[in-house]
Every structure is written in C-alpha cells, then in structure tokens.
Amino acid sequence: MIMDEKNSTKLLFRVNGLSHSFGGLKAVSNFNLSVDSGAIWGILGPNGAGKTTVFNLITGVYKPDEGEIIFKNEYIDGLPSPAIIAQGIARTFQNIRLFKSMSVLDNVRTAAYGNLSYPLWSAVFRTRQYHNWENRVRGSSSAILEKFGLADRMHEQAASLPYGQQRKIELARALLSKPELLLLDEPGAGMNPAELHNLAELILWVRKEFGVTIILIEHRMQLVVKLCDYVKVLDFGETIFDGMTSGLGQSEAVVKAYFGEDQADARH
C-alpha cells in the first residue's frame, strides 16, 4: 500500500539512535525512524522484539539511555507522559484499558482530565467555569462517539459492549485530545480474522476522518501488509528491515525471523 503524494510532504516525527537496556539486556538498539505527516508506519516483529519498549520510550514511560525523539521539531525525549500527550501524541494499549464499570461516555471523557482548565475549588463549588468546561468535554465526547457509531450506547457500561466496540471506545478516547500522531499498540490483539478485517478498515477511516499520522506495532504480518505504507521490523531489539511494506517478502532476514532458517534457505 503506497501513501498518497499529498500526505508525504511534511516530516512530523523523528527518532535518532534510540537505545534502551533493562539491566544487561539490550531491549532496543540504535532505533531510527522518520515519519511523514499522514503516513501509517508499522513496527513489526516477533513477541519480545522490543516493539512496546519503543512506544514506552516515545511516550515517556521510560527514559532512553541514548538517542533523540523529535516531534514537530521539538525534542520530547525525557519529558513526562502528560507533557508528551499535550504536545499532540496519543496512544492505545495492547490490553484494552477501559474503566469497565463506567459508561462509554465517561470513559471517553477521562481523556480530557489531564488538561483541566479550572482550579480544584471551582469543581468543589460547582462554579460557572466548572460547568462550562464540563459541558464542552461532554459535547466533544458525545460528538466523537457519534462518529464511531456508538452514540446510542454511550450511557451503557463499557464492559457490556463487544470486544471490537471496546476497541472503538479506546480509539475514541485517544482521539479526544485531537492528536497529530496516534500510536496503536497491537490493536488487533485477541481478534479473529473477521474482526481484524473490520479493524483495518476502521484504522484507515480514522486516518482519513481525523487527519492523524499513525504508528502501529504488531506481530502479525498480514495486518501490517494490509494497513501500512512503510514498516520497520525488529528482532531482539535490532532493526532487520526498514522500508516500503511491499519489500517485506523479499527480505531474507524477515523470513528467517518469522519462519526460521529452513524457509530462508529454501528461497535460494
């Protein structure tokens, strides 16, 4: 899948020489990435390849041992997670992190509370400032749920919805802050083939509808091939492929990492 020319004109996000270790284990080594606005990038690799560690470094969960992370020409490496979110980066997680006993609407609203515009006393005394802000958040949350086709279920408990719709809630919550860069951590985890097909269509719709740039991490090659313009493949923290998605099948290193030495040798 090739990115449209109109989407390839602006460098939005760049990572240079990113490395991180846990004790003596090198989880990520010299990771580099340049992402144009409007692209969908995939970070592919077997379980344990270092994919989620990359996301944790980008979003401030971990501080990199080495390297730079640059978003919209600003260095963000080492910043705390709330500051990175405020810059315009949002993230979902492999395991859905919803407040299961709360309503669908309230789950989405929680994304706004990292950037309150009223003081605590305003909430205690229920001032006009408090009500105005809360009404704006409720309105924007309702509007985004309507776009996701969940308006008629916004007052139901999140846990009562099917798995695929819970993924939609998580996406809606991530998009409430109007990010420019959306990080999806194995969005297809736990899905069957039919659900994966619907997910791929949903992610493509999100890019078009919300104008976001997307980086997703995955270990299933078929989803990455269907969705991504470009891909990096990691194996034990090392980059073994970096390029257009169409070139994956021609990479001996990728075939070896996924299918073993025998399959790689059979290509010769």
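Rule-based calculations on the coordinates, nothing more; no lab input. As the structure is a computational prediction, the values presented were derived from the model and not from experiment. Neighbour counts are summed over all protein chains in view; Cβ atoms, including those assigned to glycine, are modelled from backbone coordinates with ideal geometry.
Find, among the trypsin sites (Lys or Arg not before Pro) in segment 74-133, those assigned to loop by DSSP (not H, G, I, E, B) with at most 13 other beta-carbon atoms within 10 angstrom. For trypsin sites (Lys or Arg not before Pro) across segment 74-133 that sit outside H, G, I, E and B with at most 13 neighbouring Cβ atoms in 10 Å, the list reads 97, 100, 126.
This ranking places 121, 133 by how few other beta-carbon atoms lie within 10 Å of each, fewest first, which gives 121, 133. Helical content of the chain, expressed as a calculated mean residue ellipticity at 222 nm, amounts to -10500 deg cm²/dmol (DSSP H runs of 4 or more residues, -39,500 (n - 2.57) each, divided by residue number, nearest 500).
Sorting 127, 59 on the 10 Å Cβ count, fewest up front, what's the list?
Result, fewest neighbours first: 127, 59.
Sparse packing (at most 16 other Cβ atoms within 10 Å of the Cβ) combined with a DSSP loop state is found for none of the GluC sites (Glu not before Pro) in segment 1-104.
Give the value in nm², to one decimal: projected area of the alpha carbon convex hull of segment 101-187, averaged over all directions.
Mean orientational projected area (segment 101-187, Cα hull): 6.3 nm².
Counting only lysines at least 8 places from residue 100 when in the same chain, those with an alpha carbon closer than 21 Å to its own are 168. Students often get this wrong, so check it: of 178/232; 51/256; 63/256; 147/208; 72/178, which have C-alpha atoms separated by over 23 Å? Check vs 23 Å cut-off fails for 178/232; 63/256.
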